[in-house]
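Down below is the structure, laid out as structure tokens.
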Amino acid sequence: MKRKRPDDAASDDDAARDAVRPPRRERTARWTIIILTVLALVLMAVIIRPFASALFVAAVLAGALHPWYRRFVLRLRGRRQLAATLVTVAVTLVVVIPVAWLTLVLAREAAAGVAYVRDTLRSEGTAGLVADLPMPLRSLARKVLEQLPQDQGQLQDLTGAQGGKAALAVGGMLTATWGVVVQMAMMLIAFFFLLMDGEDLVEWLSEVAPLPKGQTRELLSDFRKVSVTVMVSSAATAAFQALAALVGYVLAHLPHAFFFAVVTFVVGLVPAVGAGAVALAAAAFLFLGGHPRAALFLALWAIFAVGLADNFIKPYLMKGAVKLHGAVVFFALIGGVSVFGPIGILAGPLIVSFFLAVVRMWDRAIDEGPEAPLPGDRKVSGS
């Protein structure tokens, strides 16, 4: 038998390694695809970033209201565009118009207040401004004025400088207000198209996502369940707070108690403000009107009966539906609002739900054994 020379053995090893190692051209193509993918993701993030919040809210609302949309489609004999239009109009009337109206009213009142203070200071000075204050605040305002510079020129300079800062702040508020209106318009447009083409989008994601079959739909189903739970619990909590506030308004003999209760409900849907802020503002209104005892009662009622309800009712309603501990739900809500602002009331629980879904995927893959596809693996069918 002929023995191989060392040179022949080395050449055989090199050939075997070359057969296992991908060709240089294939490696270059792979890295090119990776770089193009990263570039595409960055460019998509740049494009989506100005309307990220609007798109997120639209996706959440579309997923939550999709069953209602399907019922409209069946009743309208398959006319999807008409069904999507009706659901979009309903969302506009119930959600968008009240929030936009409240935002515009607050911005208008703030601008009017700053204009009033500026005009009064220019025409009558600080004495005219103090004279227009309610009686309980006049003595306090006079004590504050005693601590300010007595020279009228210095006082005018001081008030002029602060008035300029206030005008800039109001200008920024008005700009932000119109920004909110534009975001709402973009949200409605995205919501309409997601209702119509949402099923096709989910099917496409299921095909292209590098996950085992069915897990993409499982993730989206978890997201929809959490979104519905958050919205229902938020509406129920705001309704409870508005009812509790109405009781306090009636007991404190607040004028237009029902109107303030409606405002409390609308503001209660905004986590960054909260329903307790409206009740505290009503208490301040009573105090300025010369009713200190009723104002004190309403302020305490706003803190304990209205404000704290949000910290207990909402986590309690959510923990049963999303199968999470109440403390986890509470910190998910607080953390989401702290990081993302008002949109965090949805983003916080969704992030926690996403984390738990990924943990379940790994747990299922480990339990099924080493031959089971891991999250991110795809089964390749044989030829």
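The values are calculated or read from the model by the stated rules, or taken from the named source; none is laboratory data. Quick caveat: nothing in here was measured; it's all calculated off a predicted structure. Cβ coordinates were reconstructed from backbone atoms using ideal geometry, including for glycine residues, and neighbour counts include every protein chain displayed. Note: areas computed on protein heavy atoms with side chains; ligands, DNA, RNA excluded. Shrake-Rupley method; radii C 1.70, N 1.55, O 1.52, S 1.80 Å.
Overview of results
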{"read-out": "Residue that is under 26 Å from residue 228 (Cβ atoms) and touching a Lys or Arg at 6+ places or on another chain (Cβ under 9 Å), where the choices are 83, 58", "value": "83"}
{"read-out": "Hey, residue 238 touching a residue at least 12 places away in the same chain (Cβ under 8 Å) and either surrounded by 14 or more Cβ atoms within 10 Å (Cβ to Cβ) or more than 16 Å from the chain's Cα centre (by Cα) (or both) or not", "value": "yes"}
{"read-out": "From the options 188, 205, 220, residue that is under 21 Å from the mean Cα position of the chain (by Cα) and either under 26 Å from residue 37 (Cβ atoms) or of a type in the set (Gly, Ala, Ser) (or both)", "value": "220"}
{"read-out": "Region 54-107: number of residues that are open to solvent by less than 90 Å² (accessible area, probe 1.4 Å), touching a helix residue (DSSP H, G or I) at 6+ places or on another chain (Cβ under 9 Å) and within 14 Å of residue 199 (Cβ to Cβ)", "value": "10"}
{"read-out": "Filtered residues of region 191-215 (kept if among the β-branched types (Val, Ile, Thr) and either within 15 Å of residue 65 (Cβ to Cβ) or in contact (Cβ under 8 Å) with a residue 12 or more places away in the chain (or both))", "value": "202"}
{"read-out": "Hits in region 275-291 (condition: surrounded by fewer than 21 Cβ atoms within 10 Å (Cβ to Cβ) and either aliphatic (A, V, I, L, M) or outside any loop (DSSP other than H, G, I, E, B) (or both))", "value": "277, 280, 281, 284, 285, 287, 288"}
{"read-out": "Flag if residue 42 is assigned to a helix (DSSP H, G or I), at pLDDT 85 or above and under 19 Å from the mean Cα position of the chain (by Cα)", "value": "no"}
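Yes/no matrix, rows are residues, columns are (1) open to solvent by 50 Å² or more (accessible area, probe 1.4 Å); (2) modelled with pLDDT under 75; (3) not in a helix (DSSP H, G or I):
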site	(1), (2), (3)
267	no, no, no
273	yes, yes, yes
297	yes, no, no
300	yes, no, no
340	yes, no, no
